1. Out of (1) under 30 Å from Val420 (Cα atoms); (2) at pLDDT below 95, the odd one out for His310 is which?
2. All but one of (1) touching a Ser or Thr at 6+ places or on another chain (Cβ under 9 Å); (2) modelled with pLDDT of 95 or more hold for Gln285; state the number of the condition that does not hold.
3. Read through the list (1) open to solvent by less than 10 Å² (accessible area, probe 1.4 Å); (2) among the hydrophobic types (A, V, I, L, M, F, W, C); (3) over 14 Å from Gly221 (Cα atoms), then give the number of the only condition that Leu129 fails.
4. Go through Ile8, Ile77 for me and flag whichever is farther than 23 Å from Ala220 by Cβ and buried (at least 22 other Cβ atoms within 10 Å of the Cβ).
5. Select from the range 64-74 the residues that are under 20 Å from Ile224 (Cα atoms) and exposed (fewer than 15 other Cβ atoms within 10 Å of the Cβ) and list them in ascending order.
6. Determine whether Thr242 is at pLDDT 95 or above, polar (S, T, N, Q) and more than 30 Å from Tyr21 (Cα to Cα).
7. Restricting the search to the range 225-242, which residues are buried (at least 23 other Cβ atoms within 10 Å of the Cβ) and within 27 Å of Phe135 (Cα to Cα)?
8. Quick check: anything in the range 264-272 over 30 Å from Cys73 (Cα atoms), in contact with a His (Cβ under 7 Å, 6 or more places away or on another chain), modelled with pLDDT of 95 or more and open to solvent by 40 Å² or more (accessible area, probe 1.4 Å)?
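The values are calculated or read from the model by the stated rules, or taken from the named source; none is laboratory data. Every value quoted in this text rests on a predicted model; they were computed, and no experiment measured them. Every residue, glycine as well, gets a Cβ built from its backbone with ideal geometry; the counts of neighbours run over all protein chains shown. When the accessible area is computed, the model is the full protein with side chains, heavy atoms only, and any ligands, DNA or RNA have been set aside. Shrake-Rupley method; radii C 1.70, N 1.55, O 1.52, S 1.80 Å.
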Amino acid sequence: MNTIGLNIDRALNAVTREQVYALEPRVTESLEALHSGSGAGSDFLGWLHLPSSVTEAGLEEIEDAAAVLRAGCEAVIVTGIGGSYLGTKATVDALNSSFDLLQRERRNPVLLYAGHNIGEDYLYELGELLKGKSFGIINISKSGTTTEPALAFRILRKQLEEAVGKDEAGKRIIAVTDRARGALRTLAGQEGYRTFVIPDNVGGRFSVLTPAGLLPAAVAGVDIRRLVAGAVSMEQATGPETPFPENIAALYAATRNALYAAGKKIEILANFHPKLHYIGEWWKQLYGESEGKEHRGIFPAAVDFTTDLHSMGQWIQEGERTIFETVISVENPDYRVTVPADEADLDGLNYLAGKRVDEVNRMAELGTQQAHVDGGVPNLRITLPALNAWYLGQLFYFFEKSCGISGYVLGVNPFDQPGVEAYKKNMFALLKKPDKK
């Protein structure tokens, strides 16, 4: 098996297969609208063929820049918010050691994050941590004026320049920004920063396979070539020429819309692998920002199992029946740990002696799925044969493609985010931000 899979069988307690397949004409029309550029938001379809458009020269340039930062920095701070942060965090956390920050012998710099909040204590503590350490900055922003990353970058840039001088700081700062416009592009030109481009036609939440995601991932030691190659394979597998029953992006979009029409207003993305937490956070932005418009859209939530079975599990099992689950399941772990026997057996776990920890986790997954389905919660299951760069690239593109289709089926423009501006307008007024003349 060289691709991720989708199983909708346990969602068919709330809708029938016929109801799902009845959406095939609308899904097919939506898929064709994506590929023809005839739908709403067509100016932001650059992600659609992004994986296959990544060039060898582009990968080499990213790898070269990453090598410079790895050679000269103990830490690299990624400043960005939303898609400029979550895609990187999801990738690095999924593919690196769970305890990467505590590794004694490091081949790559510690990757740290700023600009994804407005936390004074957070920025102070980050600044204190960086004192006496060699660090670099990857500043990700199309405009360069988004408050959270711009604020963090201003503070960190000042600290870096005071520590090593302006010229050396300029060599350790990389800007990932617009091709020709914006404050960050202007600053990068003035200061001589190395730059990478986020294409004009790729929105932030779809940017994980642009330099916004690939450069920090490469700094962290991720095999970005395999990541892109996996995404290319999913791009090829989810085009209009793939029949509806075999096109997992189309089938996922149809199933979730059928469930929504049946009154399932909340989708919970669940996983049984601790490294997938930020995949859930990335997915929440992708679907929340794409579909939550015009007083409609499925509410995206995420949980980590089995951890959240001891908290949210009660609500999922017996709360309001307006939910469905999509479970990401990793079939093969990277390592092997078995349960030892214990002579006293005070914890009563000797019945598990000799079994792999993953077998226990697998039974927890199957038992949870059965309990939730029996309790009236439809379940979709996405399977990854392993958690590696290839399958993660497939997963990213699968979710992006399905999101575009699903938004069109829902009847909204999945590529704008007008509601995001409301808080900014109020914040700027409260801060008395001057109007630009």
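1. In the conditions (1) under 30 Å from Val420 (Cα atoms); (2) at pLDDT below 95, His310 misses (1) alone.
2. Unmet condition: (1).
3. Among (1) open to solvent by less than 10 Å² (accessible area, probe 1.4 Å); (2) among the hydrophobic types (A, V, I, L, M, F, W, C); (3) over 14 Å from Gly221 (Cα atoms), the lone unmet condition for Leu129 is (1).
4. That would be Ile8, the only listed residue that is farther than 23 Å from Ala220 by Cβ and buried (at least 22 other Cβ atoms within 10 Å of the Cβ).
5. Asp64, Ala67, Ala71
6. It is false that Thr242 is at pLDDT 95 or above, polar (S, T, N, Q) and more than 30 Å from Tyr21 (Cα to Cα).
7. Residue satisfying the conditions is Leu227 alone.
8. Looking for residues that are over 30 Å from Cys73 (Cα atoms), in contact with a His (Cβ under 7 Å, 6 or more places away or on another chain), modelled with pLDDT of 95 or more and open to solvent by 40 Å² or more (accessible area, probe 1.4 Å), one finds none in the range 264-272, hence no.
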